[in-house]
Amino acid sequence: FKTGESLSWREVCDRISQEVVPADIGHLCTSCPWQSYGVCQEGVQYIAEGRPLPAVGNLQ
């Protein structure tokens, strides 16, 4: 991904499925406070399997 690049969600998922594996999250997101919850690793696995990401609830 490049700064300023505009992609559809499908394009984002396609790139992730081609370039990222769940174990990469530990290296890519070391300073993220959410990393320890494992939701991103799980999300990358879902994308790799062609499954939709789970809903995150009401984001109002």
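The values are calculated or read from the model by the stated rules, or taken from the named source; none is laboratory data. Given the structure is predicted, the values throughout are model-derived calculations rather than measurements. Here the Cβ positions follow ideal geometry from the backbone for every residue, glycine too, while neighbour counts run over all protein chains shown. The accessibility values were calculated without ligands, DNA or RNA, using every heavy atom of the protein model including side chains. Shrake-Rupley method; radii C 1.70, N 1.55, O 1.52, S 1.80 Å.
In the chain, taking the dipole from charged Cβ atoms about the Cα centre, the farthest positive-side position among G26, L7, A48 is held by L7. Full extension of the segment from R51 to L7, taken as 0.36 nm per residue of separation minus the current Cα-Cα distance, would add 13.9 nm.
The listed residues R15, R10, R51, once ranked by accessible area (1.4 Å probe) with the largest placed first, stand as R10, R51, R15. Rolling a 1.4 angstrom probe over the protein heavy atoms with all chains in place gives segment 11-60 an accessible area of 78 Å² per residue.
Per-residue ellipticity at 222 nm computed for the chain from its helices equals -11500 deg cm²/dmol, with DSSP H segments shorter than 4 residues left out and the rest contributing -39,500 (n - 2.57). The residues E42, E19, sorted by heavy-atom accessible surface at 1.4 Å with ligands and nucleic acids left out, run E19, E42 from largest to smallest.
Remark: the chain projects, on average over all directions, an area of 5.1 nm² (convex hull of Cα atoms). Scalar couplings 3J(HN,Hα) for segment 18-31, obtained by applying the Karplus form with A = 6.51, B = -1.76, C = 1.60 to θ = phi - 60°, are 8, 10, 10, 10, x, 5, 5, 4, x, 8, 6, 10, 4, 9 Hz; x denotes Gly and Pro.
Heavy atoms only, probe 1.4 Å: what % of the accessible area of the chain goes to carbon and sulfur, would you let me know?
54
When Lys and Arg each count +1 and Asp and Glu each count -1, what net charge do the other residues less than 14 Å away from Q18, Cβ to Cβ, add up to? My count for the surroundings of Q18 gives -3. Split the chain at each of the chymotrypsin sites (Phe, Trp or Tyr not before Pro) in a DSSP loop with at most 10 other beta carbon atoms within 10 Å, and the longest piece is 2-33.
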